[in-house]
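Structure first, commentary second.
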Amino acid sequence: MSPEPTCQYWDPSECEGTEHCPSRCPRFVDTTGSVWTVRPYVSSDREALLEMYREFDSDDRAQGLPPLTEERRVEWIDTLVADGGNFVATADGEIAGHAVYMPTHDPEPELAVFVHQEYQSRGLGTELCKHVIADASAAGRDALVLEVEPSNRHAIGMYERLGFERAEAGGSRSRIDRRAPSFQMRFELSSPSALTTRHPPLVRG
């Protein structure tokens, strides 16, 4: 997968946004300078998303996810698409990352995010989370929650930088996957940092 070349006509530092913009700008430039589109999942993304998870490194799985078998992966993704708000990071028709919050009708839906191992440490996971935050905030949800394993320090650090706080220690189970022990983190969607995710790039700075 090779990300699209940087668009010479688009400079995020000068973008003021318009009334037609989505909750968060879909254009994203990662830490290597590559340009991505981060947008809501559509039905035509299904095979590309499955392919990302087929190639997902087993060492990067968290809480038993993504599932290891094709049958369980298909069932899992179909459930996320049916019940959740899904976002993907794309370039050249391929998907490098996926984030979801579910169920969308819940006042405090659960967040999960996955980035293919070849594209980690570029800011894609953080940007996907910000799209979920912006969308859930615009939809009037109260908060986002997530489950994270205590050993997953990289993820914990990312969530803390976004503004998530530990809400519950030990014994809880994820609504996205209920098998693995974890603790809960929570992000209040009325916080100033949540509202900032919906500002155009020029205002966000």
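Contour minus end-to-end for Asn152 and Arg61, with contour as 0.36 nm per residue of separation and end-to-end as the Cα-Cα distance? Could you put the intermediate results ahead of the total?
Details: separation 91, 0.36 × 91 = 32.76 nm, distance 1.03 nm.
Length difference between fully extended and current span is 31.7 nm.
Distance in nm between label sites at Glu108 and Thr69, each 7 Å beyond Cα in the beta-carbon direction?
Going from the Glu108 label point to the Thr69 one covers 3.4 nm.
Please give the net charge around Pro22, taking every other residue with its beta carbon less than 14 angstrom from that of Pro22, where Lys and Arg add +1 and Asp and Glu add -1.
On the way: positive: Arg24, Arg27, Arg39, Lys130, Arg198; negative: Glu19, Glu127, Asp135.
That works out to +2.
What does the accessible area per residue of region 22-72 come to in Å², with a 1.4 Å probe and no ligands, DNA or RNA counted?
Details: 2600 Å² over 51 residues.
Heavy-atom SASA per residue in region 22-72 reads 51 Å².
What ³J(HN,Hα) values, in whole Hz, does the Karplus curve 6.51 cos²θ - 1.76 cosθ + 1.60 give for region 39-44 when θ = phi - 60°, with x put for Gly and Pro?
The phi angles translate into 8, x, 4, 10, 4, 6 Hz.
What are the extents of the Cα atoms of region 71-117 along their three principal axes, listed from largest to smallest and rounded to whole Å?
34, 24, 18
If you roll a 1.4 Å probe over the heavy atoms of the protein chains, what accessible area per residue do you get for region 86-142, in Å²?
With the other protein chains kept in place, region 86-142 gives 31 Å² per residue.
Quick check: residue separation of Glu51 and Glu188 times 0.36 nm, minus the Cα distance between them. What number comes out in nm?
46.0 nm
Stretched out fully, how many nm does the piece from Thr79 to Glu16 gain, at 0.36 nm a residue minus the Cα gap?
19.0 nm
The values are calculated or read from the model by the stated rules, or taken from the named source; none is laboratory data. What you see is a predicted model; the values in this text were computed from it and never measured. FYI the Cβ positions are ideal-geometry reconstructions off the backbone, even for glycines, and counts take in every protein chain you see. Areas reflect the complete protein model, heavy atoms only, side chains present, ligands, DNA and RNA absent. Shrake-Rupley method; radii C 1.70, N 1.55, O 1.52, S 1.80 Å.
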